[in-house]
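Here is the structure we will look at.
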There are 2 protein chains.
Amino acid sequence: MSKKSNLPQPTNAELEILQILWKAGPSTVRFVNEQLSEQQEKEIRYTTTLKLMQIMTEKKLLSRNTDTRTHVYLAEAVQGDTQKALLKKFVDATFQGSAMNLVMQALGNHETSQQELDEIKALIEKIEKG
Amino acid sequence: MSKKSNLPQPTNAELEILQILWKAGPSTVRFVNEQLSEQQEKEIRYTTTLKLMQIMTEKKLLSRNTDTRTHVYLAEAVQGDTQKALLKKFVDATFQGSAMNLVMQALGNHETSQQELDEIKALIEKIEKG
DNA sequence: AATGATATACGAAAAGTTTCGTAAATGCAA
DNA sequence: TTGCATTTACGAAACTTTTCGTATATCATT
């Protein structure tokens with residue numbers, strides 16, 4: 001059985017930082033700040049990123065190694081769990097809780113490749129059997 | 001060809017009001033306020049709802065008929081378009097733009113009935129043919 | 001017409017989120 | 001060791017969103 005994480009949901013700015021850490025692994029504030037600035041195509045002050053990551057550490061969304069002067073941050077929030085929680089909230093708010101409605105909308109409005117469709121079909125079969 | 005609506009995206013509180021209007025059709029502030037209070041299981045001040053709906057009218061998310069003293073509000077934002085826009089933003093922020101990832105997550109984590117699965121399969125077939 | 005209930009208008013407080021500036025500490029290089 | 005660059009700490013400004021209180025208008029009833 002999986003333990004409940006019970007972490008608070010990240011805000012938008014926090015989620016962006018999580019995405020970077022999920023992708024790159026443990027990183028310094030400077031690195032995260034550079035990634036962010038690159039993504040948004042505008043400079044973000046170093047201390048802005050620092051402050052956010054400190055807040056996130058307080059919330060336990062991140063942890064950090066302070067052995068060296070330059071702290072190294074690690075995502076404590078698990079990507080899958082976080083996505084799942086945010087998705088539920090989003091579905092409730094936007095599709096009145098119907099994941100079905102959302103899926104139809106998602107499939108209908110995005111370019112979906114044949115391979116992706118195959119994957120979905122495979123998943124459906126798995127669900128039908130299981 | 002469908003005209004671009006170009007409406008601002010609703011905030012969370014605004015979205016809740018839209019949901020009520022989409023479902024119930026043109027309504028008064030009082031009605032919307034009662035629905036909201038019921039949903040959240042706590043009283044929401046009448047003027048809070050009023051203020052929000054006035055702001056939304058200014059943003060063109062709603063329009064209103066002021067012929068009678070009690071104004072009647074109508075959702076101008078179209079449900080499908082709004083959901084689509086919010087979904088895109090959400091997918092970008094949470095699933096790095098991959099609707100596929102989201103669909104897999106949505107199907108995997110929710111109870112999905114056989115009928116719903118059939119609908120999805122039908123949709124996929126339609127996409128594959130079209 | 002006076003009273004009371006209910007409506008709108010609207011500024012501003014309250015709450016939440018994001019950004020920034022300054023101070024103090026630390027490490028490195030001359 | 002002195003000076004410079006970089007880091008962390010942290011309060012607070014700047015914004016956004018949500019909630020509320022007060023003033024005023026309107027309608028129905030008496």
The longest stretch of chain B containing none of the trypsin sites (Lys or Arg not before Pro) that sit in a DSSP loop with at most 10 other Cβ atoms within 10 Å is B:70-130
For chain A, the longest principal axis of the Cα atoms and the Cα long axis of helix A:99-109 enclose an angle in degrees, to the nearest 10, of 90
Across every pair of different alpha-carbon atoms, what Kirkwood hydrodynamic radius in Å does the protein assembly as shown reach? 21.1
Total accessible area buried between chains B and A, 1.4 Å probe, in Å² to the nearest 100? 3700
Can you tell me the mean projection area, over all orientations, of the convex hull of the range A:1-78's alpha carbons? Units nm², please. 5.5
Largest fluctuation, B:GLN79, B:GLN39, B:GLN114 only, Gaussian network model of chain B with Cα springs under 10 angstrom, belongs to B:GLN114
Accessible surface of the protein assembly as shown, 1.4 Å probe, proportion on carbon and sulfur as whole %: 48
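Restricting everything to alpha-carbon atoms, can you work out Rg to Rh for the range B:80-129 with a Kirkwood hydrodynamic radius?
Value, to two decimals: 1.02.
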Please identify, among B:LEU86, B:LEU117, B:LEU21, the residue showing maximal mean-square fluctuation in a Gaussian network model of chain B using a 10 angstrom Cα cutoff. B:LEU117
Per the Kirkwood definition applied to all pairs of different Cα atoms, how many angstroms is the hydrodynamic radius of chain A? 17.2
Hey, what angle do you get for helix A:79-95 against the long axis of chain A, alpha-carbon based, 0 to 90 degrees rounded to 10? 60
For helix B:29-40, what angle does its Cα long axis make with the longest principal axis of chain B, in degrees from 0 to 90 and rounded to 10? 50
Over chain A, what is the mean sequence separation of C-alpha contacts under 8 Å (at least six apart), divided by residue count, expressed as relative contact order in percent? 21
Whole-Å distance linking the alpha carbon centroid of the range A:58-109 with that of the range B:1-50 is 26
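The values are calculated or read from the model by the stated rules, or taken from the named source; none is laboratory data. Because the structure is a prediction, the values reported are computed rather than measured. Glycine gets a Cβ as well: all are built from the backbone with ideal geometry, and neighbour counts include every protein chain shown. Protein only, heavy atoms only, side chains kept; ligands, DNA and RNA dropped before computing areas. Shrake-Rupley method; radii C 1.70, N 1.55, O 1.52, S 1.80 Å.
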